[in-house]
Amino acid sequence: MRTVYWADFPGNKYLKKLEPAMLNWSECTRKQIIRPIGKKRFEDRETVYVTYERSYVVSKIAIEILQPLEIKSLTELLKLMVAVWREYEKQNSKAS
């Protein structure tokens, strides 16, 4: 079975959910079923290993959060992340 680096993945590269292992400096490889470029939807798919790492997380956050929210500065991003972190802590303290 062949291995594909996430950035070379055909189609939408950002469908894979984030996983903690992707933040490690080592690679995170996951088995996935893909449809190679140029193949029709009804044609055979291929099972491959896709390698993810920290750059996937960075790119996904930029594409799916920063761009849609039109965050234009580091200060704006940091204010948002502080609010997110406080909400996260509040939710986790209720769960304990």
Might you let me know whether region 79-90 holds any residue that is part of a loop (DSSP other than H, G, I, E, B), of a type in the set (D, E, K, R) and either at negative phi or modelled with pLDDT of 85 or more (or both)?
no
Taking the residues in region 24-48 that are touching a Lys or Arg at 6+ places or on another chain (Cβ under 6 Å) and not in a strand (DSSP E or B) as candidates, determine which candidate is modelled with the lowest pLDDT.
Arg35
If we scan region 56-75, do we find a residue that is at pLDDT 85 or above, at positive phi and open to solvent by 50 Å² or more (accessible area, probe 1.4 Å)?
yes
Just to be sure I understand the filter: pairs with C-beta atoms under 9 Å, separated by 6 or more residues or on different chains, first member in region 43-72 and closer than 25 Å to Ala21 by Cβ, second member part of a helix (DSSP H, G or I) and open to solvent by 70 Å² or more (accessible area, probe 1.4 Å). Which pairs pass?
Glu53/Leu23; Arg54/Leu23; Val57/Leu23
So the check is Cβ under 6 Å with 6+ separation or different chains; which pairs have a first residue in region 11-31 that's acidic (Asp, Glu) and a second one that's open to solvent by less than 60 Å² (accessible area, probe 1.4 Å) and assigned to a loop (DSSP other than H, G, I, E, B)?
Glu27/Glu53
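The values are calculated or read from the model by the stated rules, or taken from the named source; none is laboratory data. Given the structure is predicted, the values throughout are model-derived calculations rather than measurements. Here Cβ is always computed from backbone atoms with ideal geometry, including for glycine, and neighbour counts include all displayed protein chains. For the accessible areas, the whole protein counts, side chains as well, though only heavy atoms, and no ligand, DNA or RNA atoms are used. Shrake-Rupley method; radii C 1.70, N 1.55, O 1.52, S 1.80 Å.
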